[in-house]
Structure formats: C-alpha cells, structure tokens
Amino acid sequence: MGKHEIAITVDSVVLSNTNNKFKALLIKRKNDPFKNQWALPGGFIEEGEDLEEAAKRELLEETGLKIESMEQIRAFGKPGRDPRGRMISIAFLSRIFSEETLKPGDDAKEAAWFDIDNLPELAFDHEEIIAAARRLL
C-alpha cells in the first residue's frame, strides 16, 4: 500500500441466539497479520462491489454461511488498527437463531461458535467491533 492509500474492508459480527445464549461466529486466520488468531470473518471489498455484498461474500467464503440480512454497525478506522497500513472497516451485524454448521474456506483455517461472554483473544480491534454490535442488540 502506498503512503496515503486507504483500504476499505468489511467485517461481520454473526450472533446466534439459542435458548437465550448468544454465540459469536469467529474464524481462525490462516495468514498474517495475526496468523492463527481468532477474528471476525471479513476482508477487502472488490471493485464495483456494494459494502453489504462484500460482507456477505467474505462470510460465505470464510465460513460457508449464507446470510440474507445484515445491518451496518458503523465504521472502524483508528490509525494503527491494522499493521498492514491504513484500513477502514465497515462492520455488519447479523442475527440468526441456530448455530449453523460451518465450512471454513479461503483465508480461514477454522470457523467456530464462541460464547459471547467467553471469547478468545481477537485480532485487530475485533473486540471493540463486537462490543459495538452488542450495544445495538
């Protein structure tokens, strides 16, 4: 990335609610930065792609999950949130009512459901994104 380039990424917070227990969908990253660390599914938007479309595509590629509706949480763009350079992430929230079976693919080594009150250490500022999603609930 050039000195003043800014990249736009999307991240998805998918929460399943079964018996009033919320679980969050996380992927284990296959590549650096934060290789082997848990993170939200997401990635770079492609040219000509709508933000929500990009979030749905990345989610499908990384977890095998096809989601119909998402709501935008907000943008996260604190300098230094990504070691690769200036990245602004638009985060989306989806709520589903069952823990769907996951098929990790693309940049994801694993995909799993975690109790929202007992999350592993997360890559980037994904803890902050999940906290913002919870405030919307």
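Below are the figures for this structure:
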read-out: Of all residues making up segment 52-76, the number that are over 18 Å from LYS103 (Cα atoms) and surrounded by 16 or more Cβ atoms within 10 Å (Cβ to Cβ); value: 5
read-out: Pair list, Cβ < 9 Å and 6+ apart or interchain, from segment 84-110 residues that are more than 15 Å from VAL13 (Cβ to Cβ) to residues that are acidic (Asp, Glu) and part of a loop (DSSP other than H, G, I, E, B); value: ARG84/ASP32; GLY85/GLU5; ARG86/GLU5
read-out: Hits in segment 64-102 (condition: among the basic types (Lys, Arg), assigned to a loop (DSSP other than H, G, I, E, B) and touching a helix residue (DSSP H, G or I) at 6+ places or on another chain (Cβ under 7 Å)); value: LYS66
read-out: Close pairs from segment 116-136: first crowded, with 19+ Cβ neighbours inside 10 Å, partner hydroxyl-bearing (Ser, Thr, Tyr), Cβ under 8 Å, at least 6 apart; value: PHE124/SER89; ILE129/SER89
read-out: Residues within segment 16-27 that are over 11 Å from the mean Cα position of the chain (by Cα), within 14 Å of LEU102 (Cβ to Cβ) and of a type outside the set (Gly, Ala, Ser), tallied; value: 1
read-out: Boolean, ILE67 is closer than 25 Å to ASP117 by Cα, of a type in the set (Val, Ile, Thr) and touching a residue at least 60 places away in the same chain (Cβ under 8 Å); value: no
read-out: Those residues of segment 1-13 which are of a type outside the set (Gly, Ala, Ser) and either in contact with a helix residue (DSSP H, G or I) (Cβ under 7 Å, 6 or more places away or on another chain) or surrounded by fewer than 12 Cβ atoms within 10 Å (Cβ to Cβ) (or both), in sequence order; value: MET1, LYS3, HIS4, GLU5, ILE6, VAL10, ASP11, VAL13
read-out: For GLY43: the one exception among (1) of a type outside the set (Asp, Glu); (2) more than 16 Å from ALA133 (Cβ to Cβ); (3) out of contact with any helix residue (DSSP H, G or I) (no Cβ under 9 Å at 6 or more places or on another chain); value: (3)
read-out: Residue in segment 119-132 that is more than 18 Å from ILE27 (Cα to Cα) and at pLDDT 95 or above present; value: yes
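The values are calculated or read from the model by the stated rules, or taken from the named source; none is laboratory data. No experiment lies behind these values; they were computed from the predicted model shown. In this analysis, Cβ positions are derived from the backbone assuming ideal geometry, glycine residues included, and neighbour counts consider all displayed protein chains.
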